[in-house]
Structures are given as structure tokens and as C-alpha cells.
């Protein structure tokens, strides 16, 4: 059976910047990113790092080294502000700053974007037009199901070319009753039974579909101080889950790769989609 195309990515952000007086906590991002990079290097794999402008401004050498190693650098907002807190003009300014900071850090050509907190929903769909105006080719910002934070039930569950010409790569969901969650992403990849995660990967492989997933630096950080993460508010269960099985996350990713999950950069995958469209048009 052919390998599963695994669009693995790291949302390269620093949660300390999103909480009051976060600077009092220990710097954690560079060390955790190095662990992801080492794992990927062992398997000769390169992924996409959706990078917040603030991280590029503070750690330009980190971004430059990732790009030099062959990883793709993409946008994740200048300061990790969800789309529904912006309008078209402020989003454009935010994205322009994000692009400028990535360029200054040596990111190379940037063609992709992920909305903070997957906040691309019907009321913020104007974002695709702004992405197109600034020359970006794809987004991976939609969680196509109901979700306590942001979700777009009814959105297509496979790569979709929007009217703006930008490809949207929605997160891949488990599609199970009561458990329609992105099984290959963040907290879900950490806490779901691994047998279930494996079965979902096998299903997508059998259907010839790619798996779109993500992780964060904090997802593997067992030494991070305890604090309430941004966007969680008073949700105690989510707060507990934010720290659950961080020590097992890298091992899960490695096991998936060893089972045939071939890591693919998002930009490469989109280039293949665009090439297929041209072939069909011809």
C-alpha cells in the first residue's frame, strides 16, 4: 500500500506573548523547535513551519536555519491575532508585516498562510481575497466541523480552490459520531488513543487522501510552567488537556512516519494540485 501523504506542520508561535505578563515565564521555543527538526532530519523529512512574525523578529536565526535545512516557512500572522478580531484592512497590514519579518529573517519565498486558532470561518472568508492580493497561493485555516472555538461545519473536507484562486487545505477530521476532530493535530494527536489515530491514517491512505495535521512547540514541552493558555478561558478540561501526554507526542509522530506517513511540505502539495488542474485543462 502506498504511503500516506502527511502534511505535517508546526505552528511556530510563543504562547508567552499571548498571556498577560508572559515574559516572566521561561523561553522555550528554540529548544522545542530543535527537537522537531532533529526528528525530521532523522527521517530525511521536511515540513512546513507556519511562523508568527513575532517569533521571526525575536529568533531570526531560527527561521533562517529551518529554511536552510529545506523546511518551508509560511505565515501565521504578525502577532497571532484571530481573524475575527481584524477586518480586511487590519488583516492586510498584519499579513504584510508578517511577510516582511519572515523575509528579513531569511525565510525565502513564502506562499502559504494559517489563520491563528484556525479562525477562518464564514464571517472571515474575505481573508482569501487578501491572501490572493498579496500573492499567497494557499491557506490551511479551516476546521470543517463544529468546535468550541472556531469551526466551519459544511466546508469541504478536501483541498478546495476558492473563488479568490487560493487553495484551502482544511484540517483532516476523524469523522466519527461525537468525535469529529482533527486527529492529526495538536492536543488531539496527543490525547486520542493511538490505535484510533493509526486507524484514521490508514483510512485516509486507503482513500488516497492526504492527512493535514499540525503541532506547536508547547505540544512536546514537558518543562513548560503551568498557566492558562490563551483562548481557553475558564475551560478546565481543555486546560488539563493542554498538558496531557506532551512527553509522548514526538514518539507518536515518529511511529506514524515509520508506519508510512510521508511528510510533505504544504507548498509542494499545492504545487501538485495546481499541476493537476493544468493537466486536466490541457
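So which of 52, 33 is more than 30 Å from residue 202 (Cβ to Cβ), modelled with pLDDT of 95 or more and touching a strand residue (DSSP E or B) at 6+ places or on another chain (Cβ under 8 Å)? Even if it seems obvious, please write down each step before you answer.
On the way: 33 fails: more than 30 Å from residue 202 (Cβ to Cβ).
One residue alone meets the criteria, 52.
What do you reckon, is residue 183 buried (at least 23 other Cβ atoms within 10 Å of the Cβ), more than 28 Å from residue 56 (Cα to Cα) and modelled with pLDDT of 95 or more?
On the way: buried (at least 23 other Cβ atoms within 10 Å of the Cβ): yes; more than 28 Å from residue 56 (Cα to Cα): yes; modelled with pLDDT of 95 or more: yes.
Yes, satisfied.
Right, residue 132: out of contact with any helix residue (DSSP H, G or I) (no Cβ under 9 Å at 6 or more places or on another chain) and more than 29 Å from residue 245 (Cα to Cα) or not? Even if it seems obvious, please write down each step before you answer.
Working: out of contact with any helix residue (DSSP H, G or I) (no Cβ under 9 Å at 6 or more places or on another chain): yes; more than 29 Å from residue 245 (Cα to Cα): yes.
Answer is yes for this residue.
Can you spot a residue in the range 193-204 that is part of a loop (DSSP other than H, G, I, E, B) and either modelled with pLDDT of 95 or more or touching a strand residue (DSSP E or B) at 6+ places or on another chain (Cβ under 7 Å) (or both)? Reasoning before the result, please.
Taking the range 193-204 first, the residues part of a loop (DSSP other than H, G, I, E, B) are 193.
Among the residues that remain, those that are also either modelled with pLDDT of 95 or more or touching a strand residue (DSSP E or B) at 6+ places or on another chain (Cβ under 7 Å) (or both) are: 193.
The answer is yes, given that some residue of the range 193-204 is part of a loop (DSSP other than H, G, I, E, B) and either modelled with pLDDT of 95 or more or touching a strand residue (DSSP E or B) at 6+ places or on another chain (Cβ under 7 Å) (or both).
Filtering the range 1-26 down to residues that are surrounded by 15 or more Cβ atoms within 10 Å (Cβ to Cβ), part of a helix (DSSP H, G or I) and in contact with a helix residue (DSSP H, G or I) (Cβ under 7 Å, 6 or more places away or on another chain), which residue is modelled with the lowest pLDDT? Spell out how you get there, then give the answer.
Kept after step one, since they are surrounded by 15 or more Cβ atoms within 10 Å (Cβ to Cβ), are these residues of the range 1-26: 4-18, 25.
Of the ones still in play, those that are also part of a helix (DSSP H, G or I) are 15-18.
Now drop any that are not in contact with a helix residue (DSSP H, G or I) (Cβ under 7 Å, 6 or more places away or on another chain), which leaves 15-17.
On the way: 15: 90, 16: 91, 17: 87.
Checking each candidate, the answer is 17.
Would a scan of the range 213-233 turn up a residue that is modelled with pLDDT of 85 or more and at positive phi?
For the range 213-233, residues modelled with pLDDT of 85 or more and at positive phi: absent.
For the range 56-66, state whether one or more residues are closer than 30 Å to residue 254 by Cβ and under 14 Å from the mean Cα position of the chain (by Cα).
Of the range 56-66, the ones closer than 30 Å to residue 254 by Cβ are 56, 58-66.
Filter once more, keeping what is under 14 Å from the mean Cα position of the chain (by Cα): none.
No.
Could you go through the range 140-154 and let me know if any residue there is at pLDDT 95 or above, farther than 23 Å from residue 238 by Cα and surrounded by fewer than 16 Cβ atoms within 10 Å (Cβ to Cβ).
Within the range 140-154, none of the residues are at pLDDT 95 or above, farther than 23 Å from residue 238 by Cα and surrounded by fewer than 16 Cβ atoms within 10 Å (Cβ to Cβ).
Can you name the number of the only condition in (1) out of contact with any strand residue (DSSP E or B) (no Cβ under 8 Å at 6 or more places or on another chain); (2) at pLDDT 95 or above that residue 171 fails?
Only one criterion is unmet by residue 171, namely (1).
Which residue pairs have Cβ atoms under 8 Å apart, sit 6 or more places apart or on different chains, and have a first residue in the range 66-77 that is at negative phi and surrounded by fewer than 20 Cβ atoms within 10 Å (Cβ to Cβ) and a second that is in a helix (DSSP H, G or I) and at pLDDT 95 or above?
69/37; 69/41
Here is a list of conditions, (1) more than 16 Å from the chain's Cα centre (by Cα); (2) within 30 Å of residue 226 (Cα to Cα); (3) buried (at least 20 other Cβ atoms within 10 Å of the Cβ), and residue 107 meets all of them except one; can you say which number that is?
Failing condition for residue 107: (2).
Any idea which of 97, 161 is surrounded by fewer than 20 Cβ atoms within 10 Å (Cβ to Cβ), touching a residue at least 60 places away in the same chain (Cβ under 8 Å) and touching a helix residue (DSSP H, G or I) at 6+ places or on another chain (Cβ under 8 Å)? Explain how you work it out, then say what you get.
Details: 97 fails: touching a residue at least 60 places away in the same chain (Cβ under 8 Å).
Only one candidate qualifies: 161.
Within the range 36-51, restricting attention to residues that are crowded, with 21+ Cβ neighbours inside 10 Å, touching a residue at least 60 places away in the same chain (Cβ under 8 Å) and not in a helix (DSSP H, G or I), which residue is farthest from the chain's Cα centre (by Cα)?
47
Which members of the range 110-134 meet the condition of being part of a helix (DSSP H, G or I) and either over 20 Å from the mean Cα position of the chain (by Cα) or more than 19 Å from residue 14 (Cβ to Cβ) (or both)?
So in the range 110-134, the residues part of a helix (DSSP H, G or I) come out as 116-118, 122-124, 127-133.
Across the range 110-134, the qualifying residues are 122, 123, 124, 127, 128, 129, 130, 131, 132, 133.
Filter the range 195-226 down to the residues that are surrounded by 15 or more Cβ atoms within 10 Å (Cβ to Cβ) and closer than 20 Å to residue 243 by Cα and list them by number.
Result: 197, 213, 214, 215, 216, 217, 218, 219, 220, 221, 224.
If I filter the range 240-250 for residues that are assigned to a helix (DSSP H, G or I) and modelled with pLDDT under 95, do I get at least one hit? Before the answer, list the steps.
Restricting attention to the range 240-250, the residues satisfying the condition of being assigned to a helix (DSSP H, G or I) are 240-241, 246-250.
Going one step further and asking which of them are modelled with pLDDT under 95, we end up with 240-241.
Looking through the range 240-250, at least one residue is assigned to a helix (DSSP H, G or I) and modelled with pLDDT under 95.
The values are calculated or read from the model by the stated rules, or taken from the named source; none is laboratory data. Small disclaimer: the values here were computed from a predicted structure and weren't measured. All Cβ positions, even for glycine, are placed from backbone atoms using ideal geometry, and neighbour counts span all protein chains on display.
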